[in-house]
Amino acid sequence: MKCPFCDTQMLQGYLNCSMMIWSERKHKISLLPDSEEKYALKLEQPMLSPHHIESYCCPKCKRLIIDTSKYDHNLE
């Protein structure tokens, strides 16, 4: 995949994490979105191992591309 920002070939890999949310605002204590908030990515806390999210990383501009379509979201 070519980076949409700088046209460099991206590296395919994994974002290794345990609990994550992408939302419209910063969360200070809890990662749970409130009922009014839009979010594009929400992962639950795993029991024994971290989540591995397939992603692409640009070695030049250091940006990540993540396909969030298979994760819980409320962007409809």
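FYI, it's all coordinate maths here, none of it is from the lab. Being a predicted model, the structure only gives us computed values, none of them experimental. Backbone-built Cβ (ideal geometry, glycine too); neighbour counts: all protein chains shown.
Spacing of the modelled spin labels on Lys60 and His27, each 7 Å from Cα toward Cβ, amounts to 3.5 nm.
Ignoring lysines fewer than eight residues from Lys38 along the same chain, the ones with Cα atoms less than 21 angstrom from its Cα are Lys26, Lys28, Lys70.
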